[in-house]
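Working notes for the structure below.
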Amino acid sequence: MKKYLIVSAIIAAAACAVYAQAPAAAPAAAPAATPAATPQAVKAAPAIKVEKIVVAAGVENREPVGEAATFAAGKVYTWTKISAETTPVTIKHVYYHEGKMVREIELKVNSSPYRVWSWKNVTPGSWKVEVTDEAGAVLAASEFTVTENKPAEEPAKKEEPKKTE
């Protein structure tokens, strides 16, 4: 008799567990749920905001130095100030040269607000850097131009003849 009670209790518990996991019946006119809408697939990404993005010649004391839109070929820094609802989160600086992705750098945001930066050796041309979240959504972007490293040549100065009297 004890066996039957135990088996009945197990079956009742299993039925309750199955019933609790079953989705509520949808109205007949409702469209089928997409995979992204199922409870198992829904994972809200933390809200991340780029408060400021700067492309600069350097970073000193955690602040950008030499902010510009045009740089000589060499090293360029992308500095961002990030706010996030929850931390830690990861963002990326994605560098594009002439429309082609050339580098992707992951950066950890450990608190909010938080300042992070990356650097890239750049060559002449048109550049863009995007700040993306973990899912790849673009949060901010900045464009800049890189010119030849050589300074512009100045025409040779002609000396005026000295007047002698």
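For ALA73, the residues 5 or more places off, or on other chains, whose built amide H falls under 5 Å of its own are THR147, ASN149.
Modelled spin labels at ALA47 and ALA73, positioned 7 Å past Cα toward Cβ, are 4.5 nm from each other. Once C-alpha pairs closer than 8 Å and six or more residues apart are averaged by separation and normalised to the residue number of the range 67-136, the relative contact order reads 42 percent. Computed across the range 48-147, the Kirkwood radius stands at 13.5 Å (inverse of mean 1/r, all Cα pairs).
If the segment from ASN121 to MET101 were pulled out straight at 0.36 nm per residue, it would be longer than the present Cα-Cα gap by 5.8 nm.
Amide H to amide H, with H built 1.01 Å from N, GLU134 comes under 5 Å of THR90, counting only residues 5 or more places away or on other chains. Residue pairs exceeding 19 angstrom between C-alpha atoms, taken from LYS49/LYS75; LYS49/LYS120; LYS49/LYS108; LYS92/LYS128; LYS52/LYS100: LYS49/LYS75; LYS49/LYS120; LYS52/LYS100.
The numbers here are math on the coordinates, done by the rules we state, and not lab data. This is a predicted model, so every value here is computed, not measured. Glycine also receives a Cβ, built like all others from the backbone with ideal geometry; neighbour counts cover every protein chain displayed.
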